[in-house]
Amino acid sequence: MSRILEVNAMTMDFGGLRAVNKVDISMEEGEIIALIGPNGAGKTTFFNCVTGVYTPTAGNIYITPPGGQQRSIKGLKPSKITEQGLARTFQNIRLFPNMTVLENVMIGRHSRLKAGVLGAILRDRRTREEEEQVIHDSYGILGKLNLERYVNDLARNLPYGAQRRLEIARALATEPFMLLLDEPAAGMNPQETKSLESLILKIRDTENVSIFLIEHDMSLVMSLSERIYVMDYGKLIATGSPAEVKNNPDVIKAYLGEDESA
């Protein structure tokens, strides 16, 4: 395996508050890794730094696309980071509710279009063929995620679990090599969570996409992850296999020993 992500001493300050404190995290091609910790530990802030929502106060972020060269993505805009091969979902669903399921996926697919503004205005043959391919590819992605039955439905009318899958479908439409999922099981019932687990494994195994997961559902984290990082108050307090993390006294104290409502 080759290393595709390397985060070195990432620090993120908001005024006098240090939300992320010198965090080092790496990821290998084909891995499923997880970042866990109590609410307010800095997990989503970390994701926001990696995906360009925030520019870290200090440290660096390097990616190495499969077969490519290492490059820094620190300070790039989210759209540019998506073009580099990183895609994400959000803790709070961010679909376009008044667009159809197909249109939501097509929006993600458009990040890979080659036609410029002039082509969109003139609608030449190349542009028309490219748009037809977008529709074809979007249908294909919906089929892989078992969403084809909803293709013409408005996104807001989908069942909750299907909305979560649609967000993943839109992210996959950007052709990522790394998918960052921020609490994808939030609000799901046990059956939906089990279906999500199977879907994540399928994406990793059939689409060659590495998965970076933030999740509070410990059963999902422990069954999916090959390595787990644990944050508390902005710092990494543990890393290791699920078994190592589960039995780590610091983790038990900071997170696993909390009430389920935490």
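The values are calculated or read from the model by the stated rules, or taken from the named source; none is laboratory data. The model shown is predicted, which means the values in this text are computed figures rather than measured ones. All Cβ positions, even for glycine, are placed from backbone atoms using ideal geometry, and neighbour counts span all protein chains on display.
Taking the criterion of being more than 10 Å from the chain's Cα centre (by Cα) and crowded, with 17+ Cβ neighbours inside 10 Å, the residues of segment 198-217 that qualify are 199, 200, 203, 204, 209, 215, 216, 217. Of all residues in segment 165-194, none that is closer than 19 Å to residue 37 by Cβ and without any contact (Cβ under 8 Å) to a residue 12 or more places away in the chain has its Cβ atom under 9 Å from the Cβ atom of a residue that is surrounded by 22 or more Cβ atoms within 10 Å (Cβ to Cβ) and not acidic (Asp, Glu), 6 or more apart or on another chain.
Restricting the search to segment 66-100, which residues are of a type in the set (A, V, I, L, M) and without any contact (Cβ under 8 Å) to a residue 40 or more places away in the chain?
We begin by selecting, within segment 66-100, every residue of a type in the set (A, V, I, L, M); these are 73, 76, 81, 86-87, 93, 95, 99.
Result: 73, 76, 81.
A single entry from 53, 23 fulfils the requirement of being of a type in the set (A, V, I, L, M, F, W, C), closer than 25 Å to residue 160 by Cβ and not assigned by TED's automatic domain parsing to the domain that holds residue 150: 53.
Residues that are of a type in the set (Val, Ile, Thr), within 17 Å of the chain's Cα centre (by Cα), surrounded by 17 or more Cβ atoms within 10 Å (Cβ to Cβ) and farther than 18 Å from residue 184 by Cα: does segment 36-44 have at least one?
At the first step, the residues of segment 36-44 found to be of a type in the set (Val, Ile, Thr) are 36, 44.
Narrowing the set further to residues that are within 17 Å of the chain's Cα centre (by Cα) leaves 36, 44.
If we keep only those that are surrounded by 17 or more Cβ atoms within 10 Å (Cβ to Cβ) as well, we get 36, 44.
Going one step further and asking which of them are farther than 18 Å from residue 184 by Cα, we end up with none.
No, segment 36-44 has no match at all.
Filter segment 14-35 down to the residues that are without any contact (Cβ under 8 Å) to a residue 40 or more places away in the chain and assigned to a strand (DSSP E or B), then identify the one that is surrounded by the most Cβ atoms within 10 Å (Cβ to Cβ). Ranking the qualifying residues of segment 14-35, first place goes to 26. Taking the criterion of being more than 13 Å from residue 12 (Cα to Cα) and among the small types (Gly, Ala, Ser), the residues of segment 50-88 that qualify are 67, 68, 72, 79, 85, 87.
Within segment 167-188, being within 20 Å of residue 217 (Cα to Cα) and aliphatic (A, V, I, L, M) holds for 168, 179, 180, 181, 185, 186, 188.
Restrict the check to segment 6-20 and report whether at least one residue is within 14 Å of the chain's Cα centre (by Cα), modelled with pLDDT of 95 or more and polar (S, T, N, Q). No: segment 6-20 contains no residue that is within 14 Å of the chain's Cα centre (by Cα), modelled with pLDDT of 95 or more and polar (S, T, N, Q).
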